[in-house]
Amino acid sequence: MTPWDIADRPRRRVGRGLELHDEIPSTNDRARELLAEPDGEGRAVVAEVQTAGRGRRGRTWTSPGGVNLAVSVGLQPRLSTGDAWQLAAAAALAAWDACNRFAPVTLKWPNDVVADFDGAKVGGILIETTLDGERVAEAVIGIGLNLNWARRDMPAELAGATSLAELAGGPVDRGEVLDGLLDALDDEIVALEAGHTPRDRYRAACSTLGREVELETGEGRIHGRAVDIDERGELVLETSDGTVHVASGEIARLRTAVPA
Ligand code: BTN
């Protein structure tokens, strides 16, 4: 019996088999390698410790062994490059769904899972894609969730982070979270490939909308009120200079909007 004894359900696209590692550089790298192997597509790669775990925007992803979840899945999705952003939204919704079974969480654009209560980060998603002209040739979906990591044990640089156990008021069953996540991700990917965009459900789960935000983009900071996610997955901001659509960035500050 390991913490990862998950239900033996036939999944269609994601979680068809599970590969467990005590230690590995990055589950995303292993999931990409698996795409070159027969039946490697959709296999979930889970590691207790990653020695080179990656986050978004070139950051390191830190997580001690035995308490959290680091999982990746490689896919050759039936998806056009223009719709590639939907993979991140779908993965975020799956993580949101799996976590919400234990404690209330929401999504912070683009794809952080955060505490509903105070916006502290529970987890994040790193999607790495290889494009082939107009289609997504390969995509690796990597999800890191803080599950039973006590806030007092987190390093100082993770001051804005929390864990699902902190929110739930007690330890969560990591296998149950993984099981729920793979089920939800499988459903999301099947829906996506059938042409159903996750946009409306993503908007409903995204607590960034309606807030005043300060967004760090490659070209500097933008301040405005987040009002929508457009059909390309871009965050729509109302700023003093008009409406701005932002494709990628990092929310540096987030405030509840003062009602007009
Ligand atoms: C972020 O919030 O910056 C994204 C974090 C993604 C971390 C996960 S853990 C599993 C997978 N393997 C990695 O190296 N990164 C992702």
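For segment 211-256, the ratio of Cα radius of gyration to the globular rule of thumb 2.2 N^0.38 Å stands at 1.01. Averaging the sequence gap over all C-alpha pairs within less than 8 Å and six or more residues apart, then dividing by the number of residues, gives segment 101-260 a relative contact order of 16 percent. Computed over the chain, the per-residue total of -39500 (n - 2.57) for DSSP H runs of n ≥ 4 gives a 222 nm mean residue ellipticity of -6500 deg cm²/dmol, rounded to 500.
Over all pairs of different C-alpha atoms in segment 126-260, the reciprocal of the mean inverse distance, the Kirkwood hydrodynamic radius, equals 17.8 Å.
The residues of the chain expose, per residue, 46 Å² of accessible area to a 1.4 Å probe.
Of all accessible surface on segment 96-213 at a 1.4 Å probe, what whole percent is carbon and sulfur? Carbon-and-sulfur percentage of accessible area, whole number: 48.
For segment 38-105, chymotrypsin sites (Phe, Trp or Tyr not before Pro) are listed when DSSP marks them as loop and at most 13 other Cβ atoms sit within 10 Å of their Cβ; the list is empty.
Its relative contact order, with pairs defined as Cα atoms under 8 Å and 6+ residues apart, puts segment 18-205 at 22 percent.
Shape analysis of the chain based on the Cα gyration tensor places the equivalent ellipsoid semi-axes at 28, 23, 16 Å, largest first. When you filter the trypsin sites (Lys or Arg not before Pro) in segment 176-260 for DSSP loop state and at most 15 other Cβ atoms inside 10 Å of their Cβ, you are left with Arg232.
So for segment 54-167, Kirkwood radius off the Cα pairs, Stokes-Einstein at 10 °C and 1.306 mPa s: how many µm² s⁻¹? In µm²/s, the coefficient is 108.
Remark: relative contact order (segment 211-256) = 42 percent; criterion is Cα-Cα distance under 8 angstrom and separation of 6 or more residues. Over the Cα atoms of segment 77-139, the radius of gyration divided by the Kirkwood radius equals 1.08; this is the Rg/Rh ratio.
The values are calculated or read from the model by the stated rules, or taken from the named source; none is laboratory data. For clarity, every value in this text was computed on a predicted model and none was experimentally measured. Don't worry about glycine lacking a Cβ; one is built from the backbone with ideal geometry, like all the others, and counts go over all protein chains shown. Please note that ligands, DNA and RNA were not included when accessible areas were found on the heavy atoms of the full protein model with its side chains. Shrake-Rupley method; radii C 1.70, N 1.55, O 1.52, S 1.80 Å.
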